[in-house]
Every structure is written in structure tokens, then in C-alpha cells.
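These notes are about the structure you will find just below.
The values are calculated or read from the model by the stated rules, or taken from the named source; none is laboratory data. Model, not experiment: these values are computed from the prediction. Backbone-built Cβ (ideal geometry, glycine too); neighbour counts: all protein chains shown.
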Amino acid sequence: MDLLKLKEDLEENALGRGVLMAASKIYGAGAWLDRAAYENGWKTSKSVNSRVVCIGNITAGGTGKTTAVLLAATTLAKEGIRVAIVSRGYKRQRKTEGPVVLFDNPDADWRLAGDEPFMMSRVLSQYKVPIVISPDRAAAATEALKRFKSQIILLDDGLQHHRLRRDANVILIDAKNPFGNKHLLPYGVLREPMTALKRASLVVMTHCDQVSARRLEDIKDQIRLYNDAVEILESVHEPEYYFDICNTKKVDLKAIQGPAACFCALGHPETFEKTLQNLGLTLKQKWRFPDHQHYTEENLRTFEETRGGLPLITTFKDFVKFPDNWRDILTKDVYVLSVNLKIRGGEEEFNKFTDVLYPKFSKIKNK
């Protein structure tokens, strides 16, 4: 069932909207009870002997969380800090009894880990950053500490997960659509009420180049209504290069211009498409799939047969979900766009980000 299409259909009439609002109240009651259980000691959070920093959001999809986790992990790893990533492995297709560990294992199956953790493991392979996947993030953190003696554990998308105690929360806010209609799922996009901003140690606004300066200040004012002391950073997603997957080589962004085709399965596909257009591409064909789409041979044949010989562009998150025999179908001119998160404002602002991750970071860097 296409839940997004169902939601759009329900929003078209008063009865449907009423159903969505009722569902939002039920969802909100469940989220409140879960938080209250930990706050009142009915459930117990587990601590581990390592610094734990959560990088998450209060809305569903599209904030740029994965690129923020990658930025944090690479920055720490480059300075010799032992960092591990813990993730639940959202929508992984094969389950195991214990945690799944991605570390220096190129033959790993993405279905065991989930698409985003698997993609991160490929990007971070040169930095030897382990990624541990389990629905029980406390068990995953314990495994990371035992096997890798991690000095810092990055909790990927765990703001609503309270079983693992954390030292800091970095909350990402999409400047294009920060809070939706301010209603909870499924009527709105909020995973929890705006009051969750009180738990933020740092807020990072993403996609800040796609809205006006006045709009950015308005969003900051809304954040400060709930947390007037929190630091708020601005960030943008900057394309780095294209990766030619058929020839396994990097390609300069200026090398591909004009007509092209693209496909993706992202929370906000329009952002990816707009980035390609800003790079000088005219998108003659676009395919959009539900987030976390698992690609089939039939999907790839459709791309190949209908793109008309044009360059075909996708993302790392999509590429890792290709079927094993993709090379038999896609033989040339297929590229992955590599994108980095960049904190605006120079070194001073970037230091605010790293100091929340690891307060000793500045001392280590300046040794």
C-alpha cells in the first residue's frame, strides 16, 4: 500500500482530514506515554561507557540526517578519535538475532543492515568507522564499545529512541519545510511535538541556500520559542563529484552538462532534482520511488530502455540497492552524485558543531 498516496487522498475531504487528525492524536498519545515511561522511571535508559551523541530530527524524512552523520564521523575519525555509528537499520529486509556489524566487510549484504547504514559504511570505509545495526540501540552501543572501544558513539536517527542514554542531541531542521503544518504524523510531518526542541544541544538547519535570509530568521525565532539558549547553525548540501559506477572513477561536476535522466527514492526527491538542474543538467526523464525503494531488474531495464542514451544520475543511497547483476543491464553513463554537508560561517561555526560532538575535539585538533 502506498501510504503517501493514501494520505493525499484523505486530505482531499473533511472526513479524511478528520481521520488523519484522530490518528495524529493516537500517535501523539503513544509517543507521550513512551517518553513519560522513561522520565518517570517506569522504563530504564541504559548508559554505556562512551560519549553518545544523537543526530536526529523531529520531522519525517528529508532533513539531511545521513550527510550530517557522515560529516560528524569523518571529522572525528580524521583526528584519530575512535568513533562508531549505531543505527536501527530502518526497513532492512533480513533480520538477525543480534546486532549486525559493518566494518571492513566489502561482501556484506545491504539487506541485513538497511540501505542507509550500508551506504554510510561504503562512504566511511577508508576511515575504518564501524556501523552497528540493531533495533535495540543500547545493545548495539554495547557491542560497539566491546569490539571497537569507541570513544564516541553517534546515534543515527535516534531522537525518539529513549532506551540508550545520550550526552547530547543534535536536531536537524529542514529550512524548506521545517515543521509542516505543526501537526503530528500522519496529519502532519512532526514525529513529536515542537516541545521536543527543548532537548536539543544543538540545532542544524539544512538546505539554507534554498530559502531567503528572512525565512531563516523566522525559523530561528520559532525554535527559540522552545529553546532560547540553543546554538543554531546553518548548513547547505554541496555536490562534490559524480562517480561513474560502470568505470569506478570520479568525474568532475562540469563534465556532465545538458540533457540527462535521473531517478531516486528519497524523502524529498525534488531537492535532488533541483541540485542536478543547478549543476547544468536538463532533466528529460525523472523517476521517483517511495523512500527506501528496493530496485529490481525490471526497474533497471526500464531506465536503460527509456533514457534514450542520456546520462543516468542517481544517489549513493539508491545505488547500494541495485540487484547484484546490475552490470548486465546498465553498461555505461550511469553516475552517482556525491554530496557533502557544509556548515556555514567558517571555522568558528564549525567548531560549535564539533564541540557538541566531542568537547575535547578542539584540544585534540590543536595539539
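Contact map, region 96-114: first residue of a type in the set (Phe, Trp, Tyr), second residue surrounded by 10 or more Cβ atoms within 10 Å (Cβ to Cβ), Cβ cut-off under 7 Å, separation 6 or more or different chains; pairs are 103/130; 110/118; 110/320; 110/321. Scanning region 35-59 for residues that are buried (at least 16 other Cβ atoms within 10 Å of the Cβ) and assigned to a loop (DSSP other than H, G, I, E, B) gives 48, 50, 58. Taking the conditions exactly as written (in the same structural domain as residue 200 (by TED's automatic domain parsing), part of a helix (DSSP H, G or I) and surrounded by fewer than 21 Cβ atoms within 10 Å (Cβ to Cβ)), does residue 347 satisfy them or not? When the stated conditions are applied, residue 347 passes them. Against the test of being out of contact with any Asp or Glu (no Cβ under 7 Å at 6 or more places or on another chain), within 17 Å of residue 100 (Cβ to Cβ) and part of a loop (DSSP other than H, G, I, E, B), the options 121, 150 yield a single qualifying residue, 150.
If we scan region 339-350, do we find a residue that is aromatic (Phe, Trp, Tyr) and in contact (Cβ under 8 Å) with a residue 24 or more places away in the chain? No, there is no match, as no residue in region 339-350 is aromatic (Phe, Trp, Tyr) and in contact (Cβ under 8 Å) with a residue 24 or more places away in the chain. Before we move on, is residue 317 closer than 30 Å to residue 203 by Cβ, part of a helix (DSSP H, G or I) and touching a Cys at 6+ places or on another chain (Cβ under 9 Å)? The answer is yes for residue 317.
Tallying residues that are under 18 Å from the mean Cα position of the chain (by Cα) and assigned to a loop (DSSP other than H, G, I, E, B) within region 201-256 yields 1. Restricting attention to region 7-14, does a residue exist that is surrounded by fewer than 19 Cβ atoms within 10 Å (Cβ to Cβ), acidic (Asp, Glu), in a helix (DSSP H, G or I) and without any contact (Cβ under 8 Å) to a residue 24 or more places away in the chain? Yes, region 7-14 contains at least one residue that is surrounded by fewer than 19 Cβ atoms within 10 Å (Cβ to Cβ), acidic (Asp, Glu), in a helix (DSSP H, G or I) and without any contact (Cβ under 8 Å) to a residue 24 or more places away in the chain. Here is a check on your reading of the model: is residue 200 farther than 30 Å from residue 325 by Cα, of a type in the set (Gly, Ala, Ser) and in contact (Cβ under 8 Å) with a residue 24 or more places away in the chain? Considered against the rule, which asks whether it is farther than 30 Å from residue 325 by Cα, of a type in the set (Gly, Ala, Ser) and in contact (Cβ under 8 Å) with a residue 24 or more places away in the chain, residue 200 comes out as yes.
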